[in-house]
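Engineer: This structure is in structure tokens; I'll ask about it shortly.
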Amino acid sequence: MRGQLAIMMGLLYAVQGAWFPLLAVHLKDLGLSGEARGWIFATFALGSLAAPLGAGQLADRRVAADRLMLIMYALAAILLGVMASGWIGGAVPIFTLFLIYWVIVAPGSSLGNTIALRNLDRPRAQFGGVRLWGTIGWMVAGWIVAQTMAMTGSDNGPRGASEGFAVGAVLAAVLAIFCLRLPRTPPLASSGSGWGWAEAATDARMLLRKPIVGLYFITAFGVTLTLPYMFQVQPPYLESIGLPRRWIAPAMTLGQLPEIAALWALPWMLRRFGDRGTLALGIAAWVVRYGSLALDPPLWVALVGIPLHGIGIACFTIAGQMFLDGQAPPHRRAGAQGLHTVITAGLGALLGNLFAGAVVGRSGDTAVVFLVPFAVNALLLITWVGLAKRAARRSQPLPEPSPEPRVDRAMPSEPLSSSN
């Protein structure tokens, strides 16, 4: 079971890791302005606003989560193939394609979390070990793309990065097929008439009764405002200070090395520092990272600081998903993850991408743009450390962990292909 879930996570994040680190460079090669790049990056946020609550409610009430993922990534393979072909050019057509892509695919990570958390015997202790294979998948995809670009010579001049989209399309097709091998994860809640946004609003009100959850959502929203600087701004900046293009994706995987270690150690950190301390450590990593970039360091210093991003992802983003999962009742956890995606990857990423695009449009790909995320994360860290303990005391006590639901773990009798 854990092996199947680990492969799922690896493929899930490999799809995005193949092309996302190079998207900003690809768009720059096409001659798109900073503002246009900001809008294209914001399609992820727009898709997150439009889709995850619906997908989360479907997974909770109507359709098995594993079957939803199969449909989503089969369509994703087609759309990435279109992007790789070079048939589409110009800001508006590319914006439209990515908007369709993210409306379909944005719920993928929350559905993957739901499948893993529902089927692990001890989710709090085992989820980090499963999720780290997503990090490994992202890294492997980046190195595959780097070797492909070296063979095609596309790093010699402004020719875009279509190889990344092609590798992503192949990986998406493999994931869609592999979904037939995942443990069946059927809905747990009733499928009555109260479904959709009204039911999601009920989930939100229930969660926000706890002050610590409200503070977490505010903090996560603020952190997500600054994350676009890592992928929208940092890759062109690294290229501008001397990093060869084909090494951008592998260089970005430096952030995954400490993320793997942190995910492996996450159960220990949660026991040692608790939820509040672990989340604070994640925010602090981004404060140091953005602060170092704002000083306009030499290339080697900029590269050495990339691993701090991985620590932030493990200790805040992933630990935060686990924290939120513990606050929601079992039959509402997919909806809670969907709400989290809307607040962070939806609203936060939308405003963050647009603002980052506007800053780059005015200042260019220079170090001064990193002053903004540094200041925001420093303020968030001070606020979280100062208020989290008080908010936790005012929150309702966490209920005793409920036994994990027993689900049908039988494999489909006739999969389309064997496990890869």
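Engineer: Scanning the range 13-31 for residues that are open to solvent by 10 Å² or more (accessible area, probe 1.4 Å) and part of a helix (DSSP H, G or I), which turns out nearest to PHE178 (Cα to Cα)? So that I can check it myself, show each step before the final result.
Structural biologist: Restricting attention to the range 13-31, the residues satisfying the condition of being open to solvent by 10 Å² or more (accessible area, probe 1.4 Å) are 13, 16, 20, 26, 28-31.
Cutting the leftovers down to part of a helix (DSSP H, G or I) gives us 13, 16, 20, 26, 28-29.
Values: TYR13: 14, GLN16: 17, PHE20: 22, HIS26: 29, LYS28: 34, ASP29: 34 Å.
Among those residues, the one meeting the criterion is TYR13.
Engineer: Cβ-Cβ distance below 9 Å, separation of 6 or more or different chains: which pairs start in the range 325-354 with a residue that is charged (D, E, K, R) and end on one that is open to solvent by 30 Å² or more (accessible area, probe 1.4 Å) and modelled with pLDDT of 65 or more?
Structural biologist: ASP325/ARG124; ARG332/MET206
Engineer: Now a separate question. Checking the conditions here, which among PRO187, PRO267 is modelled with pLDDT under 80 and either surrounded by 17 or more Cβ atoms within 10 Å (Cβ to Cβ) or not in a helix (DSSP H, G or I) (or both)? Talk me through it step by step, then tell me what you get.
Structural biologist: Details: PRO267 fails: modelled with pLDDT under 80.
The match here is PRO187.
Engineer: Then there is this: Any idea which of ALA356, ALA336 is in a helix (DSSP H, G or I), out of contact with any strand residue (DSSP E or B) (no Cβ under 9 Å at 6 or more places or on another chain) and at pLDDT below 75?
Structural biologist: On the way: ALA356 fails: at pLDDT below 75.
None of the others qualify; the one that does is ALA336.
Engineer: For the range 231-244, what are the residues that are assigned to a helix (DSSP H, G or I) and surrounded by fewer than 23 Cβ atoms within 10 Å (Cβ to Cβ)? Even if it seems obvious, please write down each step before you answer.
Structural biologist: Step one: of the range 231-244, the residues assigned to a helix (DSSP H, G or I) are 231-240.
If the condition is that a residue be assigned to a helix (DSSP H, G or I) and surrounded by fewer than 23 Cβ atoms within 10 Å (Cβ to Cβ), then PHE231, PRO236, TYR237, GLU239, SER240 are the ones that fit.
Condition check ((1) more than 26 Å from GLY34 (Cα to Cα); (2) out of contact with any helix residue (DSSP H, G or I) (no Cβ under 7 Å at 6 or more places or on another chain); (3) buried (at least 20 other Cβ atoms within 10 Å of the Cβ)) across all residues:
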{"position": "LEU68", "(1), (2), (3)": "yes, no, yes"}
{"position": "GLY89", "(1), (2), (3)": "no, yes, no"}
{"position": "VAL92", "(1), (2), (3)": "no, yes, no"}
{"position": "PHE98", "(1), (2), (3)": "no, no, yes"}
{"position": "TYR101", "(1), (2), (3)": "no, no, yes"}
{"position": "SER110", "(1), (2), (3)": "yes, no, yes"}
{"position": "THR135", "(1), (2), (3)": "yes, no, yes"}
{"position": "MET139", "(1), (2), (3)": "yes, no, yes"}
{"position": "ALA173", "(1), (2), (3)": "yes, no, no"}
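Engineer: Next up: Need the failing condition index for GLY386 against (1) surrounded by 14 or more Cβ atoms within 10 Å (Cβ to Cβ); (2) at pLDDT 85 or above, just the number.
Structural biologist: Of everything listed in (1) surrounded by 14 or more Cβ atoms within 10 Å (Cβ to Cβ); (2) at pLDDT 85 or above, GLY386 misses just condition (1).
The values are calculated or read from the model by the stated rules, or taken from the named source; none is laboratory data. All figures in this text were calculated on a predicted structure; none of them were measured in a lab. Here the Cβ is made from the backbone with ideal geometry for all residues, glycine too, and neighbour counts use every protein chain on show. Please note that ligands, DNA and RNA were not included when accessible areas were found on the heavy atoms of the full protein model with its side chains. Shrake-Rupley method; radii C 1.70, N 1.55, O 1.52, S 1.80 Å.
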